[in-house]
Amino acid sequence: MSYAILEINSKQFIVNEGDKILIDYVKNGVKNGTLLFKSILYKLEGELGIFGKPYLKNYHAEVVITRECVKQKKIIVFKKKRRKGYHKTIGHRQKYTEVKIINIVKNKGI
């Protein structure tokens, strides 16, 4: 079993190769475009675990964008001040980008 802990936009994900995850919206992302993430906190290879301080220097994750913009379910925000007649309803739908982890590899020659 091999997995890694990846940090993307201050959020941590436990991923294997081939996993699909939702990350915060990438504005200039194109479908089937590739991205490189160098912020790997931990990598497990067989029985050996490698920790970074805070990141692993010689590793990076290659990901491909599978869906550009995914909207989550609407979140309703309701504000009210009691006995004042004030109430306000606002809705919000967060945008995400769906990516697939291609591989987590060690940099060559660095």
**Message:** Of all residues being under 12 Å from the mean Cα position of the chain (by Cα), not hydroxyl-bearing (Ser, Thr, Tyr) and not in a strand (DSSP E or B) in region 1-22, which is nearest to Ile101 (Cα to Cα)? Just the residue, please.
**Reply:** Asp19
**Asked** Which of the residues that make up region 23-43 are in a strand (DSSP E or B), among the aliphatic types (A, V, I, L, M) and surrounded by 15 or more Cβ atoms within 10 Å (Cβ to Cβ)?
**Response** Ile23, Leu35, Ile40, Leu41
**Request:** Can you give me the number of residues within region 1-22 that are charged (D, E, K, R) and surrounded by 16 or more Cβ atoms within 10 Å (Cβ to Cβ)?
**Result:** 1
**strands (runs of 3 or more DSSP E) enclosed by region 57-101 - at least 1 residues per element that are surrounded by 10 or more Cβ atoms within 10 Å (Cβ to Cβ) and touching an Asp or Glu at 6+ places or on another chain (Cβ under 6 Å)** = 59-71
**Lys38 vs. criteria modelled with pLDDT under 95, in contact with a His (Cβ under 9 Å, 6 or more places away or on another chain) and not aliphatic (A, V, I, L, M)** = yes
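Rundown of residues vs (1) among the aliphatic types (A, V, I, L, M); (2) within 18 Å of Tyr3 (Cβ to Cβ); (3) out of contact with any strand residue (DSSP E or B) (no Cβ under 6 Å at 6 or more places or on another chain), yes/no style:
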residue	(1), (2), (3)
Glu17	no, yes, no
Asp24	no, no, yes
Leu35	yes, no, no
Glu45	no, yes, yes
Asn58	no, yes, no
Ile76	yes, no, no
Tyr86	no, no, yes
Ile102	yes, yes, no
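The values are calculated or read from the model by the stated rules, or taken from the named source; none is laboratory data. From a predicted model like this one, the values you see are computed outputs, not experimental measurements. No Cβ is skipped: glycine too gets one built from the backbone with ideal geometry, and neighbour counts run over all protein chains shown.
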